[in-house]
Amino acid sequence: MKKKAHSIDMLFMLVLFAIFAVMSVMLILMGSNVYGKIVDSSENNNNARNILSYVTNKVRTSSVENGVYVEEKDGVPVLVIENVEADYEYKTLIFCNDGKLKESTIARNDDYNLDFGDILAEVKGFNVTIDQTTRVLTISIESENQKKSIDVYVGTYR
């Protein structure tokens with residue numbers, strides 16, 4: 001009789017240990033899943049902020065009075081930043097095409113299409129608008145799960 005009671009105690013401890021082990025593994029898996037989501041969200045947030053910072057700094061490089069404006073090409077808003085360096089007039093174009101934010105630098109009077117340009121980032125959406133009375137440029141970026149925007153004054157400060 002004593003032997004049976006001892007084996008039941010041992011079986012109870014093994015089952016209790018197995019339940020503890022399974023719950024520990026489940027807790028670790030849930031924690032790693034939450035951590036992965038936090039890392040992804042942080043990365044998306046940083047990417048959106050870096051893109052906005054890059055575009056804002058590009059806007060500030062314009063060396064032409066009223067050289068920052070928005071034009072539309074094939075239904076897509078294109079941010080145009082004009083510059084002059086050593087008697088060479090050029091413009092930088094920033095736009096979104098097929099989910100990719102692109103940048104292209106061309107001579108001031110050259111024509112372009114939306115296939116031009118180097119890919120800066122993959123985004124869901126990019127929009128730029130300018131208020132002509134206040135000369136405030138609004139830049140909006142939509143990434144995987146968030147939308148960020150910034151306002152930049154582009155008045156005649158040169």
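The numbers here are math on the coordinates, done by the rules we state, and not lab data. Please read these numbers as outputs of a predicted model, since none were measured by experiment. Positions of Cβ are generated from backbone atoms using ideal geometry, with glycine treated the same way; all protein chains shown enter the neighbour counts.
Look at the range 100-124 and say how many of its residues are more than 15 Å from K73 (Cα to Cα), surrounded by 13 or more Cβ atoms within 10 Å (Cβ to Cβ) and within 22 Å of the chain's Cα centre (by Cα). The total comes to 7. Here is the figure for the range 148-157: residues that are of a type in the set (D, E, K, R) and without any contact (Cβ under 8 Å) to a residue 40 or more places away in the chain total 1.
Reported count of residues in the range 47-82, each being out of contact with any strand residue (DSSP E or B) (no Cβ under 6 Å at 6 or more places or on another chain) and among the polar types (S, T, N, Q), is 6.
When the range 90-124 is filtered for residues that are over 17 Å from Y69 (Cβ atoms) and among the acidic types (D, E), the ones remaining, listed by number, are D98, D115, D118, E122.
Quick check: anything in the range 60-70 touching a residue at least 60 places away in the same chain (Cβ under 8 Å), among the aliphatic types (A, V, I, L, M), out of contact with any Asp or Glu (no Cβ under 8 Å at 6 or more places or on another chain) and under 24 Å from V123 (Cα atoms)? Yes, the range 60-70 contains at least one residue that is touching a residue at least 60 places away in the same chain (Cβ under 8 Å), among the aliphatic types (A, V, I, L, M), out of contact with any Asp or Glu (no Cβ under 8 Å at 6 or more places or on another chain) and under 24 Å from V123 (Cα atoms).
Scanning the range 107-148 for residues that are basic (K, R), in a strand (DSSP E or B) and over 13 Å from L52 (Cα atoms) yields a count of 0.
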